[in-house]
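**Q** Okay, handing you the structure first.
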Amino acid sequence: MKIAVLGAGAAGLAAGLSLRDRGTDVTVFDAAPRPGGKLASLRKDGFLLESAAIGLLDRHGDLAPLCARLKLELLAARPGARFVQRAGVVRKFGPGVFTLRELLGAARLPFTRRAPGPQETVLDYFQRRAGPAGAFVADAIQTGVYAGDPARLEMASAFPSLGQRARRPLSSFAGGLQELVDAFARELGPALRLNARVRAVSSDLQSGRASSLPQPRSAGTLPRGAGQPRDASAGSPGFMLSLDDGELHVDRIICALPAPAAAALFPALAPHLALFESAPLALVHFDIDGPGPQSFGLLAPGQPVPGLLFPSALWPGRAPAGRALVTAIVGSVRHPAAAALPDDALAALARGHLARTLHLEVQAPLHITRWPQAIPQPRPGHAQRLAALERALPAGVLLAGAWYRGVSVLDCLRQGRRAAEAIHAT
Ligand SMILES: Cc1cc2nc3c(=O)[nH]c(=O)nc-3n(C[C@H](O)[C@H](O)[C@H](O)COP(=O)(O)OP(=O)(O)OC[C@H]3O[C@@H](n4cnc5c(N)ncnc54)[C@H](O)[C@@H]3O)c2cc1C
């Protein structure tokens, strides 16, 4: 059986390696000249800059087996306080952020462990749990992950394991998250094909002339996290992939592409995929003279610069001696135009925010990274939309990726592994 994995982001790399480790004939295709998708670490003037994720937070015990398999050594982040900006004032995130009325309101609420209801928003969930203080808690927590709007995120889908304590501190590697990408690429070897955009997917009737995909199966779906229609890989006639250098027959496909790219290849899924939206973000990296703030970062919920990160305070090797690195995250669901500003205006916005909040003066940015579709947003109704999408999924196609069942790198790796397991189970 020949399997194609479309996309070599975190989800596609994990799917590819899982299949290869089981002895399956698999090829991972990526349009880009390098693997990793959004994951990339760039070296510039002695700084180590991350293009997207800066660290991994392990709530499911995934990291130890992953690092053993890839022969990687984790680097735990140094502890660093998290700061928030509320009503223009910067404070350490803790009780001091809230008014006495809010703290009393939270204390008076009966303790309840009731799980989030279907379609309950992040805002409603935290207000139910913490009263008036809940609105700010909800916004601060979602800002750090989604750069979204707490009233437009579905709690059960956005934070399915919030109550679960992380098994390790935030972790990365000496060479940044690029080490993870490089290790996958090394292990995949010739099973990874770069500069290989998949242009079209058609059903395969051996002649290669067919243009329509197999009909969707009417199966139910597995429980949350299992991730695929039960018979997604049963009875498929196979597929023909169109690449720039020719066509290729495969028996099964794991589609680990962003939703818009998946929609272009699977028109029958396009109306479903169009419903998954993302927050746009730009990352502006600055060089600070001196040690810089010894903190994790600063969240400013609802602001056009919702986050500041200090990677050089967390890990060694992120900045040259005597200097520090600060990464400003610009944009969000509520400020999409900020992420699209021209470079000069973007840098000016980030510098103004640094000066106002932390009295830090910085020069021209070291580097700017833009992600028009940075972080997928599980809106209220996300679980239902996934169920409808899975009912329309052609037999033999499995899905994985940040927009599907979890945005973190470890969520994406897990989805890739599970898609590979689902293929092997049939
Ligand atoms: C600014 C930012 C900060 C983040 N911070 C963190 C963090 O600290 N911790 C964390 O855990 N997560 C973080 N994340 C989330 C995480 O980095 C991403 O969700 C994850 O890396 C996405 O992986 P993916 O596999 O879904 O796809 P992607 O990385 O989007 O990869 C998709 C791949 O598909 C390829 N492709 C597209 N079309 C085609 C085609 N037709 N044919 C072949 N290939 C194609 C692309 O070239 C790309 O390589 C952050 C994300 C961003 C943007």
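FYI, it's all coordinate maths here, none of it is from the lab. Bear in mind that the values here come from a model prediction, so they are computed numbers and not experimental data. Counting neighbours? That spans all protein chains shown, and the Cβs are built from the backbone with ideal geometry, glycine included.
**Q** For the range 2-148, give the share of DSSP beta bridges that are antiparallel, in percent and rounded to the nearest 5; count only bridges with both residues there. Spell out each step's value before the answer.
**A** On the way: 8 of 13 bridges.
Of those bridges, close to 60 percent are antiparallel.
**Q** Given the rule -39500 (n - 2.57) for each run of at least 4 DSSP H residues, summed and divided by the residues of the chain, what is its mean residue ellipticity at 222 nm, to the nearest 500 deg cm²/dmol?
**A** So the helix-based figure for the chain works out to -8500 deg cm²/dmol.
**Q** Still on this structure: Quick one: 21, 149, 30, fewest Cβ neighbours within 10 Å first, how do they rank? Walk me through the intermediate numbers first.
**A** Details: 21 13, 149 22, 30 25.
Going from least to most buried by this count: 21, 149, 30.
**Q** Additional query: So what are the ³J(HN,Hα) numbers for the range 418-426, from phi and the Karplus equation (6.51, -1.76, 1.60; θ = phi - 60°), rounded to whole Hz, Gly and Pro as x?
**A** Rounded to whole hertz, the list is 5, 5, 5, 4, 5, 5, 6, 6, 9.
**Q** In degrees, nearest 10, range 0 to 90: what is the angle between the Cα axis of helix 178-188 and the longest Cα principal axis of the chain?
**A** Relative to the chain, helix 178-188 is tipped by roughly 10 degrees.
**Q** Please order 1, 155, 240 by the number of other Cβ within 10 Å, starting at the fewest.
**A** Working: 1 14, 155 26, 240 20.
Lowest count first: 1, 240, 155.
**Q** Over the chain, with a Gaussian network built from C-alpha contacts below 10 Å, which listed residue (263, 400, 321) shows the highest mean-square fluctuation?
**A** Judging by the Gaussian network model, the answer is 321.
**Q** For a quick check: sort 75, 109 by the number of other beta carbons within 10 angstrom, fewest at the front.
**A** Least to most surrounded, the residues fall as 109, 75.
**Q** Moving to a separate point now. List the GluC sites (Glu not before Pro) in the range 319-426 that DSSP assigns to loop (not H, G, I, E or B) and whose Cβ has at most 15 other Cβ atoms within 10 Å. Which are they? Write down the numbers at each step before the final one.
**A** Working: sites: 361, 390, 421; in loops: 361.
Hits after loop and neighbour filter: 361.
**Q** First check a/c for the chain, with a ≥ b ≥ c the square roots of the eigenvalues of its C-alpha gyration tensor; if it is under 1.5, answer rounded, and if not, answer prolate when a/b is larger than b/c or oblate otherwise. Write out the running numbers ahead of the final one.
**A** Working: a/c = 1.96, a/b = 1.44, b/c = 1.36.
Prolate.
**Q** Which of the lysines could be linked to residue 71 by a straight reach, that is with a Cα gap under 29 Å, when you skip same-chain ones fewer than 8 residues away?
**A** In chain and number order, the partners are 2, 38, 44.
**Q** Still on this structure, please answer the following. Looking at the range 75-150, which trypsin sites (Lys or Arg not before Pro) are in a loop (DSSP not H, G, I, E or B) and have at most 10 other Cβ atoms within 10 Å?
**A** 113, 114
**Q** Hey, another quick one. How big is the antiparallel share of DSSP beta bridges in the chain, given as a percent to the nearest 5?
**A** Restricted to the chain, the bridges split so that about 70 percent are antiparallel.
**Q** Here's a follow-up. Can you list the HN-Hα couplings for the range 74-91, worked out from phi with the Karplus curve (6.51, -1.76, 1.60; θ = phi - 60°), rounded to whole Hz and with x for Gly and Pro?
**A** 6, 10, 6, 6, 5, x, x, 5, 9, 10, 10, 10, 10, 6, x, 9, 9, 9
**Q** Place a +1 charge on the Cβ of each Lys and Arg in the chain and a -1 charge on the Cβ of each Asp and Glu, then give the dipole magnitude about the Cα centre in debye, rounded to the nearest 20.
**A** Its charge dipole is roughly 1160 debye.
**Q** Could you give the length gained on full extension between residue 421 and residue 32, defined as 0.36 nm per residue of separation minus the Cα-Cα distance, in nm?
**A** Here the answer is 137.4 nm.
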